[in-house]
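Laboratory data are not the source of any read-out in this text; all were calculated from the coordinates shown. Just so you know, these numbers come straight off a predicted model, no measurement behind them. Cβ sites come from the backbone with ideal geometry, for glycine too, and all protein chains shown count toward neighbours.
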Amino acid sequence: MSFHAIAVLSGNRQKTIPNKTESQILTDVVIPFVNSGVITAKWGSERRSYQVLELRIYETSSVWDKRQSTLAEHIKRKRNIFSRFENRANDILAVKKPRVFVVTPIQGDKMGDQDQQRVHREYDERFETIERVISDAGGVAIRIDKEHAIEDLVGRIKKEIRGAIFIVADMTDERPSCYFEVGYAEGIGKPIVYIASKQSVLHPGTATKIHFDIHQNVLFFSNLAELDEKLANSIEKNRRKLFDTDAIQLSGESD
């Protein structure tokens, strides 16, 4: 038998982990997901950690050969058997990676007009860049998508901020929700790395404006490559402060 996992990520992305044994699926995929909502796996040439919103597991009698069919065709009419593994996973302790909450405008519409699609794509690509930098630093990026708002949204945001080791906040286009989230994080003493593009996403050609005093500490960038470089350098420079596990335990105790 061969087992295949489909991990649903934020922004309606998917990652596939095909052709595993039952033991591999349980140990490497299901247990980390059940324990922390995070999976670390090799996709492409590198191992990375991702926040996973939903996990699906399929069993087939033969190994999937990508030269013969797509994975979707190979598992067609197969039942999602994630629940079969869930109870077993709950009995086993998995190691957690530090969680980093990402404050970002959830803007645009993947199915909207061209301009809405452009905005949606820009913020998704930014998150993927942030996600990669944080994974390389040893953490996992957490973003709450409006389309996956389970339970009370504000309550879940507060919970994730309390549980995060630090915050990365994109203040481009100054969304009220972003100011609320960074205000809450500041109030409970979370370290925050502020970022913003030099130009507005909603109004290209217009310079980004940042209110209050945080503008002195913002990492401004012109493109994704500059975002990658500046964020990675900032995290490395401030690693001792950002990865302070004692601080997360104290802030995580209050509402």
Ranking of S23, S234 by count of other Cβ atoms within 10 Å, fewest first: S23, S234
Just order 79-90, 7-18, 61-72 by mean Cβ neighbour count inside 10 Å, highest at the front, would you? 7-18, 79-90, 61-72
Per DSSP helix of 4 or more residues, -39500 (n - 2.57); summed, then divided by the residues of the chain. What does that give at 222 nm, rounded to the nearest 500? -10500 deg cm²/dmol
Going by C-beta contacts inside 10 Å, put D115, D244, D124 in order with the fewest on the left. D115, D244, D124
Pairs to check: K15/K110; K159/K198; K97/K230; K97/K158; K158/K190; K20/K76. Give those whose C-alpha atoms are more than 21 Å from each other in this structure. K159/K198; K97/K230
If I model a spin label as a point 7 Å beyond the Cα along the Cα-Cβ vector, how far apart are those points for N90 and E125 in nm? 4.3
Once amide hydrogens are built 1.01 Å from N within the peptide plane, the residues lying 5 or more places from D173 or on another chain with amide H under 5 Å from its amide H are V201, K209
Of the options N19, A196, M111, report the single residue whose Cα projects farthest towards the positive end of the charge dipole of the chain (beta-carbon charges: Lys, Arg +1; Asp, Glu -1). N19
What full-extension length gain, to one decimal in nm, is calculated for N12 and N217 as 0.36 nm per residue of separation minus the Cα-Cα distance? 70.6 nm
Could you compute the FRET efficiency for K66 and K237, with r as their C-beta to C-beta distance and R0 at 51 Å, rounded to 0.05? 0.75
